Each structure stands twice: as C-alpha cells, then as structure tokens.
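Engineer: Would you mind keeping the following structure in view while I ask a few things?
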Amino acid sequence: MIRAIGLVGILCALAILGLTWARESFQTTQKAPQTVLEAATVVLELNHRTTGTYAGTRPGSVTVVSADGGSYCIEHGGYFVAGPGGTPTAGSCPD
C-alpha cells in the first residue's frame, strides 16, 4: 500500500513538472519574435551611432523593410518595429 501511494505521488509530481515545463516552453516560443526584434533594434541603433544611418544594416534573420538616415522598420515572426523608439507590435510595417 505504501509503495502504491509513493508511486502515485511520484507520478503526480512528474505530471506537474511536465505541465509547468510545457507552459514555460510555450510562453518562451510566443516571446521569441519580440526578443529577436528587440535585439535587432540594438544593432540598428549601434549602426546609427557609428555611421549616422540605419541603412545598410542586416541584423540577422530580421527583415529590414525600410531604413534610412532617420528611421527604420523591421519585421520578424509576425511582428514589426518602426523606429527609432518603437516597440515590437503584431502585424507588418505600415506603408
């Protein structure tokens, strides 16, 4: 009887651990495009400070829709950032 209770307890603990891991994994996947865009904005800002323009920068897997001396718009994973000073927003760059 004690073995059965111990086994059930271990199985419950593993189930809770699995559910917690799955939830955190899903949340990380949802935030990934936003995090990539935030990192790309840092690259763009660094390029702007060193060269005076956002143009010509290719920040990894991010699509540069537009970039010139004063502004940029980048897209990745269904999100975009229009900058400088923008934040990741669902959708694509405005026309």
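The values are calculated or read from the model by the stated rules, or taken from the named source; none is laboratory data. Computed from a prediction, not measured in an experiment: that's the story for all the values here. With ligands, DNA and RNA removed, areas are computed over all heavy atoms of the protein, side chains included. Shrake-Rupley method; radii C 1.70, N 1.55, O 1.52, S 1.80 Å.
Engineer: Heavy-atom accessible area of Thr51 with all protein chains present, probe 1.4 Å, nearest 10 Å²?
Structural biologist: Counting only protein heavy atoms, Thr51 exposes about 80 Å² to solvent.
Engineer: Which order do Asp68, Asp95 take by accessible area at a 1.4 Å probe, largest first? Could you put the intermediate results ahead of the total?
Structural biologist: Values: Asp68 80, Asp95 200 Å².
The residues order as Asp95, Asp68, largest area first.
Engineer: Just subtract the alpha-carbon distance of Val43 and Ser66 from 0.36 nm times their residue separation and send over the number in nm, one decimal.
Structural biologist: 6.8 nm
Engineer: Which whole-Hz couplings ³J(HN,Hα) result when phi for each residue of the stretch 38-52 is put into the Karplus expression 6.51 cos²θ - 1.76 cosθ + 1.60, θ = phi - 60°, listed in order with x for Gly and Pro?
Structural biologist: Listing the rounded values in order: 4, 5, 5, 5, 5, 4, 4, 5, 5, 4, 4, 5, 8, 10, x Hz.
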